[in-house]
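Taking it in order: structure first as structure tokens, then the write-up.
Just so it is clear, none of the values below were taken in a lab; they were calculated from the coordinates. Since the structure is predicted, the reported quantities are computational estimates derived from the model, not experimental observations. Using ideal geometry, Cβ is built from the backbone for each residue, glycine included, and neighbour counts are taken over all protein chains shown.
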Amino acid sequence: MATGLFSGRAIAKNNQAGQDPQENSTGATEQSVSGPVPLPVETPDLPKLPSRIENGVKVFHLIAEVVKREFLPGKTFDVWGFNGSMPGPTIEVDQGDRVRIIVDNHLPEPTSVHWHGFEIPVEMDGVPGVTQDPIPPGGRFIYEFTLHQHGTFFYHSHMAMQEMLGMIGLFIMHPKESHRPLVHKDFGLIVQEWAILPNNPVPNTLSMEFNWLTMNGKAGPATTPIIVKQGERVRIRLVNLGMDHHPIHLHGHQFTITGTEGGRIPESAWYPTNTVLLGVAQARDIEFDAKYAGDWIFHCHLPHHMMNQMASMVGPMSHVGQGMHTGMSMEDGMGMVQGHALAEELGPSLGRAIGVGAAFEKATTNLPLQPQQSAGQEMQHDMQHGEPQMVPGYPQDMFMPMDEAVAKPETYGLRPTWSAGVQGMMTLVRVLPPDLYEKVKELQAQGRKGAPSPMPPEHQHSM
Ligand SMILES: [Cu+2]
């Protein structure tokens, strides 16, 4: 993981925080910790932006361009990002660095890059019209500044709709002296939301209703789990630049919020919690001691952000008798083939939207559905074994594992069917006992896929 900028650096051994690793219950004695040398930040599913030194200046090269991003296996979308990545590659620097960032615009429209929260000369602030001319298609702008701050920052296009197409990246400034207590692992995640109609690869940036939720450009269960060893101290940096605020919740552990988009919070202001409200344009650092072994889910707690492509549920969720009928195709169920594409009733709404599309949503009923009108084999199965269709509100949720499609070293050893419980803006914090931790690290080094999980016997009847 420690590729790029810091790849040549040694990771300091020996915990200097005064918390002897031998004191923890795992018996672990050799652990990497932060110290005088910054601990590189791991950004699952995202690359680091390499740099070179020119006359004492750290030089980066960012290319704004159209990117294809696979949110889930088979679900690839046309988004905008940098250097082939969406979100853009992570930039890591040290406090005090002189930094030059060459930005080339390979997009078909003007852009500019804003350095969010940076205390730098206004000419470098990246606001088109106000502080600079927009960078035209094919054009270049060179940003250069000295960084005296430290913390979790980010860069993004300062064109609003370009933000909604994905033009953001992490910008980590390591402090001159590492914060105490030192951490063994340091991760970064960018959360985003998307409105993407079925069979359409281009996000609708005008929509206020979102059906794809991502962490580092992946929707659960394709989000690569965060791997830590039991007993380690962990920092996770979170950044949000979308239309919604996200209450991000960790299972099984309390954490403290140790940083904001403005930098480090004094320890005297820390308090225990397990959910952090990650507002738009904010960054939050959280830290915790990974005391309890297990595969702990880490997710936005807005229910609509805990699922994928929820528009596909619209058919069975709504209307019998009035309005659009259930049991139609996904496109019919969303009213996509009725009228012309710009008709008001087809305006910015997805699924259970309130607003322009609300008229379609009023006609909800609890009248009995027919089994063949349900979506998904799971439901058909359930319905054949009772009369759940007599239950008002039925159906609500689906359970559809896809373990093998998202298998990777970091998923090794997860419970079979795990993937059905990880959807939308979710990932896993896997607090692993030493033996399993070493095994996953070994698989990572080999670049091997996780062993496919066998289906447990009690589940085979419904597959
Ligand atoms: Cu959310």
Measure off 7 Å from each Cα along the Cα-to-Cβ vector at H106 and W270, then give the distance between these two points in nanometres to one decimal. 4.2
For the range 250-274, list residues with backbone N below 15 Å from a point placed 7 Å from the Cα of H301 toward its Cβ? 250-257, 272-274
Using a simple spin-label model with points 7 Å from Cα along the Cα→Cβ vector, what separation in nm is obtained for K441 and V280? 4.2
I53/R180 FRET efficiency (R0 30 Å; Cβ-Cβ; nearest 0.05): 0.55
Cα→Cβ-extended label distance, 7 Å offset, between Q149 and Q254, nm: 3.1
Listed by chain and number, the residues whose amide H is under 5 Å from that of L189, excluding neighbours fewer than 5 places away on the same chain and using placed H, are R237, L238, V239
